[in-house]
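Here the structure comes first, spelled out in structure tokens, and everything after it is commentary.
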Amino acid sequence: MQVSVLGPLRVDGTRGTVALGAAKERSLLTALALSPGSVVAAESLIAALWGEDPPASARKTLQTYVWNLRQALGDEAIATEPPGYVLRIRPDDVDVHRFRALVREGEEAMRQGDASSASEKLGAAVALRRGEPLAGVAPHTGLAAEGVRLREELLSGLEARVAADLADGRHAALVGELEALVREHPFRERLWGYLMIALYRCERQADALDAYQRARRVLTSELGLEPGGDLRRIEAAVLTHDPAIAEPGRPATVPTSGIVRSPVRFARTDDGAHVAYQVAGDGPVDILAVAGFVSHLDIWWNAPTDRLVRRLTSMGRLISFDKRGMGLSDRPDHVDAEQWVEDTRAVLDAVGSERAVVLGVSSGAPTALRFAARYPERVEALVLHGGYARALAGDDYAVGWDRDIVESFAEQLEAGWGSGVLLEFFAPSRANDPDVRGYWARYQLLSASPAAAMRFFWATVEDDVRDVLPTMAVPTLVVHPERDVIVPLAQAQHMALRIPDAELVVLDSDVHLICICDVLDELADAIESFLGRVVPGQVRADEAPELVLVTAVAVRGVPPGARADAEAIVAGAGGRLQAPGLTATFEAPSRAVACARSVLDKVGGDVAIGVHTAECTRNGKAYRGPAVDGAAELARQASPGEVVVSDAVRALVGAA
């Protein structure tokens, strides 16, 4: 028996096509066919048939529908296995699974540089579509969201086939098809980009530039958005005769500088949620990006610059995903932070990754921390950018935000959602850049509705993962903008100081949003250096750390309520906070001594401080070695209320 769902439902058996008259029975078979050979729980089938408001008799009626299907398909076709039912067919007997297998084969061929084979495989995948997916099933059921997902998968597969055709030198034959596709899908910027490249390779530069203007008119008039980074980069390549798009037969990869990204796919969690993900690059280590409170997969590619993606994919295979509730993933009415942890695991399972470097971005940091605490065997290393362990202030957490300030911020964010609102807080130095503001507006519109965005915002704001910080058993890098307004540096310092052996790198920036970071090279260098030291066989693994002379200040005995004040004094004096403990490094010994005295005067109490100058190894802004160790030892020897300065420091500054 074979089942086709990429169009009107069709069932072909040994005796020909099987007719199923009732819409609910077609829906039931569709729900079972989407998980061939696997048990589908009765509750999931009920949700597929009736949505969120099933009748009281749903379970009994489901049994009747199963009986009817057995009469039509044969008694052995559907087996009862607790807690539900199994359709006894192979994945290859369902067209959507053949489609996915062919797409994977096509992607692999592209990675191997065989554009002709990729085009053939992807073309065969796209040809499986016979119309609207899931057509003919009962309308207004729980399968509606599945239909939307399948349409996105099919379009993504079609775009991959077009990219393969362009790489195989078939640009002339593509122009007509792409013109029709952009009329049918006017908001798919990737299709507009491919049309521009095809026209340019046909020596029609003016027409390629006209296509860009047509796309821009559609986007600005219908959505109020300027074209994204991908499309603008293609326009620039056409204007400058960039050889990356000029030569027939080369991949259409100007937007991603040679990076091959997969079509959008969906991982399925244990509780049945579908999580959209995408893979780019093919490096030696997997890098899983956990985005902030809202996200959309295209955000990575439509940023004003693609340097971040290029640098990350030069280090490894970049895996990005939309957590449930946002972007292209399922959007249930209720989402909690614990579910996002399981979304993360489901995506790693779907891509076949046993261990990955987990990159937690902004409010994705708590999810990354929870995942590392729960599944340390799946985490190679942890990188946290713009992150925090808790956002709201509390009796024992002075570095958090007061609730009334956050409530006022949330009201403004919701009122202006989709317009690039509050960019002056998310990226003060870039707030007047129209391209950046347009990107931030697009980010908001694509990721979530205003109401959904507020649900996710409060879910992340009210989260608190401080309890897992001391349990971290994986190498951890905390990298943070020094003048971040959204997540103040003190919150990152608090987090880094409580994660065993965490490294803290402070960036000279005020931009919270990683995709528009104004110090991307410094950020990428810090990540690359860190991975080169902690991930076996990773980039720069054979690079010797730099040996430098620094002065370290180590402080102990700071009362819990005064730690934030002490850290602020250190940061204000130009110190680079290190972990573990309250330790900082300075280039000038005199500044280190002045900072130590200031901490003692303003914090007081039982504070004891050690100051020592010596050589240390430096990786990025993390320092390890005699200076840090010596200062810590002097702090242990110091009495409460005392600063102990080593002979090396005395010799350099003459300080007693």
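The values are calculated or read from the model by the stated rules, or taken from the named source; none is laboratory data. Because the structure is a prediction, the values reported are computed rather than measured. Cβ: placed from backbone, ideal geometry, glycine included. Neighbour counts: every protein chain shown.
Miscellaneous remarks
- Looking across region 464-489 at every residue that is surrounded by 22 or more Cβ atoms within 10 Å (Cβ to Cβ) and not hydrophobic (A, V, I, L, M, F, W, C), the one that is farthest from Leu359 (Cα to Cα) is identified as Asp484.
- Residue within region 89-107 that is small (Gly, Ala, Ser), closer than 22 Å to Tyr277 by Cα and surrounded by 15 or more Cβ atoms within 10 Å (Cβ to Cβ) present: yes
- Considering (1) part of a loop (DSSP other than H, G, I, E, B); (2) modelled with pLDDT under 90, the lone condition that Leu445 does not fulfil carries the number (1).
- Residue selection: Val126 satisfies the criterion of being within 31 Å of the chain's Cα centre (by Cα) and outside the structural domain of Arg10 (by TED's automatic domain parsing).
Results for (1) in a loop (DSSP other than H, G, I, E, B); (2) touching a Phe, Trp or Tyr at 6+ places or on another chain (Cβ under 7 Å), shown as yes or no for each residue.
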position	(1), (2)
Asp298	no, no
Arg311	no, no
Met326	yes, yes
Pro332	yes, no
Glu354	yes, no
Leu359	no, no
Arg370	no, no
Ala373	no, no
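- Output for region 342-389, where each listed residue is touching an Asp or Glu at 6+ places or on another chain (Cβ under 6 Å), of a type outside the set (Gly, Ala, Ser) and surrounded by fewer than 22 Cβ atoms within 10 Å (Cβ to Cβ): Arg355
- With respect to the conditions (1) under 30 Å from Ala42 (Cα atoms); (2) at pLDDT 95 or above, Ala144 falls short on a single one, namely (2).
- Residues located in region 1-26, provided they are at pLDDT below 90 and either assigned to a strand (DSSP E or B) or under 33 Å from the mean Cα position of the chain (by Cα) (or both): Gly13, Gly16, Thr17, Val18
- Scan of region 583-607 for residues that are surrounded by fewer than 22 Cβ atoms within 10 Å (Cβ to Cβ) and touching a Lys or Arg at 6+ places or on another chain (Cβ under 8 Å), ordered by number: none
- For region 140-150, the criterion of being touching a residue at least 12 places away in the same chain (Cβ under 8 Å), in a helix (DSSP H, G or I), touching a strand residue (DSSP E or B) at 6+ places or on another chain (Cβ under 7 Å) and more than 24 Å from Asp306 (Cα to Cα) is met by at least one residue.
- Filter result for Asp501 (outside the structural domain of Gly572 (by TED's automatic domain parsing), under 21 Å from Ala372 (Cα atoms) and free of Cβ contacts under 8 Å to residues at least 24 places away in the same chain): no
Here's the yes/no breakdown for (1) outside any helix (DSSP H, G or I); (2) touching a Phe, Trp or Tyr at 6+ places or on another chain (Cβ under 7 Å); (3) of a type outside the set (Phe, Trp, Tyr):
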site: Ala109; (1), (2), (3): no, no, yes
site: Ala125; (1), (2), (3): no, yes, yes
site: Leu128; (1), (2), (3): yes, yes, yes
site: Gly136; (1), (2), (3): yes, no, yes
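- Residues that are free of Cβ contacts under 8 Å to residues at least 60 places away in the same chain and touching a helix residue (DSSP H, G or I) at 6+ places or on another chain (Cβ under 8 Å) were ranked within region 39-60; the one that is surrounded by the fewest Cβ atoms within 10 Å (Cβ to Cβ) is Pro55.
- Residue that is nearest to Leu497 (Cα to Cα) [pool: residues in region 373-423 that are aromatic (Phe, Trp, Tyr) and either under 19 Å from the mean Cα position of the chain (by Cα) or not assigned by TED's automatic domain parsing to the domain that holds Val485 (or both)]: Tyr388
- Listed by position, the strands (runs of 3 or more DSSP E) enclosed by region 188-292 that each have at least 1 residues that are in contact with a Ser or Thr (Cβ under 7 Å, 6 or more places away or on another chain) and at pLDDT 80 or above are 274-280, 286-290.
- Condition met for Gly352 (in the same structural domain as Gly272 (by TED's automatic domain parsing), free of Cβ contacts under 8 Å to residues at least 12 places away in the same chain and not β-branched (Val, Ile, Thr)): yes
- Residues of region 390-417 satisfying the condition of being without any contact (Cβ under 8 Å) to a residue 40 or more places away in the chain, buried (at least 16 other Cβ atoms within 10 Å of the Cβ) and within 30 Å of Leu231 (Cβ to Cβ): Trp417
- Residue among Arg483, Arg437 that is among the charged types (D, E, K, R) and touching an Asp or Glu at 6+ places or on another chain (Cβ under 6 Å): Arg483
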